[in-house]
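One structure is given here, and the rest of the page talks about it.
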Amino acid sequence: MTVRALDVRRAAADRDLAARCVAGDRASQREVFLGQRERVHRTLYRILGNNSEMEDLVQEAFLEVFRSIARFRGDSTLGTWCATIATRVAWASIERRKPQATALELVPEIADDGPDARDQLVARDAARRLYAALDKIPVAQRVAFTLATVEGLPLAEVAALTRSTLVATKTRVWRARRDLERRAAKDPALRVYLDELRPGGGS
Amino acid sequence: MTDRREAPDVEPLSQIAWQRVERDLFAALDCDAAVVAPPPRLRTWAPWALAGSFAAAAATLVLVLLSGHDGGAPRSDAPRSDGLASASTPSRVVTQQAGSEISFGDAMITVGPASAVTMHGDATRGVLILLERGEASFAVAPRAGRPPFIVEAGEVSVRVVGTRFTVSRSGESARVDVTEGHVEVVSRGHRAQVLAGESWSSVDDREAVDRHTPDPDELAAAPFVDEPEPVAEDPGPAHVTPKAKPKATPAPDQRALYEHAAALEATDARAALAEYTALARRKGPWAANAMYAAGRLAAELGERDLAIKLLNSYLTKFPKGGNAADARAMIESLGG
């Protein structure tokens, strides 16, 4: 079967599943929830960082998914549709209030003090610094940057998730990086971390 | 992006957290299905109007109790016997450090700090407020001839007669303080009239129910609890405590301890666990909640054995407790 034929079948299956959800079929809604929850969570996490309200936000995203699923036409996959909504929920969450950067003490303790544990601590501290810096840049840039650079999605996909043009998305990612680079000039840990996230950077 | 180094790991949600999200999500969807009407006027509101979490689950349960429903999921075409109209787009208010004052229908609602409420309906069709967490105070016009105004918090439903009152929620428990007028409280099928100057607590009510149905198993010594529960007292049918008689209300220090532990969860979960554990060992109405909370938190912290031990202790001590079903489900999910 060709890729095109697979896409057509998947789109039809997604539309069918969405229609059953619209009809209020709990089993279908649960199928969507179980099938998409990791992607929704991952999208929220990438944009917001570790967040004490994550459970609420995942729930908000799925409520919005099911409340708007009647508008799903199958132009994208159901997964992309859910990720788009998760992106909007994260965006709204940032606009509602500036989320606190991950406090290190909120992160589960690492019992072992070997090299792996130290690496994890350094990585978490760097992530905390990154998200603290992201709190200070415009939300559109933050969303584009985290999805493109932290999550590593293609720019075209980021543009689709944010309902934006490719050019605007590129500009937002570039401006975000420029802003973060400026902040990293005073923060060596952030500097190293940004270098590692840079395409072609790191080892 | 192929050459980039690893992005920070995504901290996974625990299995219990996913179960909680799923439970609350589908409870909220049930609530959606039960409620259909235009959005209310709001002076202050969150940009994304979305229904609540824990309260929604409780709402479904309590509405069933109120309406005498046979237990099936509410349907949008089924008229509510409590006369509450519905809203297709509930509005949600979440506060952070500062509270917020909202005009909703014909009521003024003061949402306390670190609180969340979801509001359905309007002044002409009736109002349903779901207190998800924290505290909210209400000034509501007398309902004589007006549509119903109901506040739900965890397992508690408050039907307003016309009053000023405050509802505070801690986990699945709630407390109602009436300043003026009176309200009718429904909790786990029990009704109580709470008058001006009186307080009502679901913890008092629950313990009273437990004491009314003595079970030898309850008296089995829980290995975790090293102090006996208080001697049973008959609190009367309504379990309402006039403020002039503070004896039957939860000891203020215990309540404060519990709330302190709950607040501590976000910043220092292990310290919160220690506080819950200490409180669970004491006598008094907050011990049950603290014991369950300690078990839940231990599970969330990955302390499987401790969690199972605490939850089993809770079930031994309070087999009919308000959190018993959750405790059993949690033990099962932990493989205990």
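The values are calculated or read from the model by the stated rules, or taken from the named source; none is laboratory data. These figures come from a predicted structure and were not determined experimentally. Glycine gets a Cβ as well: all are built from the backbone with ideal geometry, and neighbour counts include every protein chain shown. For the accessible areas, the whole protein counts, side chains as well, though only heavy atoms, and no ligand, DNA or RNA atoms are used. Shrake-Rupley method; radii C 1.70, N 1.55, O 1.52, S 1.80 Å.
A few comments on the model shown:
- Backbone HN-Hα couplings from phi across the stretch A:153-166 [Karplus 6.51/-1.76/1.60, Hz, Gly and Pro as x]: 6, x, 4, 4, 6, 4, 4, 5, 5, 9, 6, 10, 8, 5
- Residue-level accessible surface for A:Lys170, protein heavy atoms, 1.4 Å, Å²: 110 Å²
- Per-residue mean of foreign Cβ neighbours for B:13-25 is 5 (Cβ atoms of other chains, 10 Å radius).
- Protection proxy ranking of B:177-184, B:20-27 - average other beta-carbon atoms within 10 Å, highest first: B:20-27, B:177-184
- Test item: A:54-66 mean partner chain Cβ contacts at 10 Å: 6
- Exposure ranking of A:Trp81, A:Trp174 by accessible area [1.4 Å probe, largest first]: A:Trp174, A:Trp81
- With both labels modelled 7 Å from their Cα along Cα-to-Cβ, the B:Ala256 to A:Arg182 distance reads 4.8 nm.
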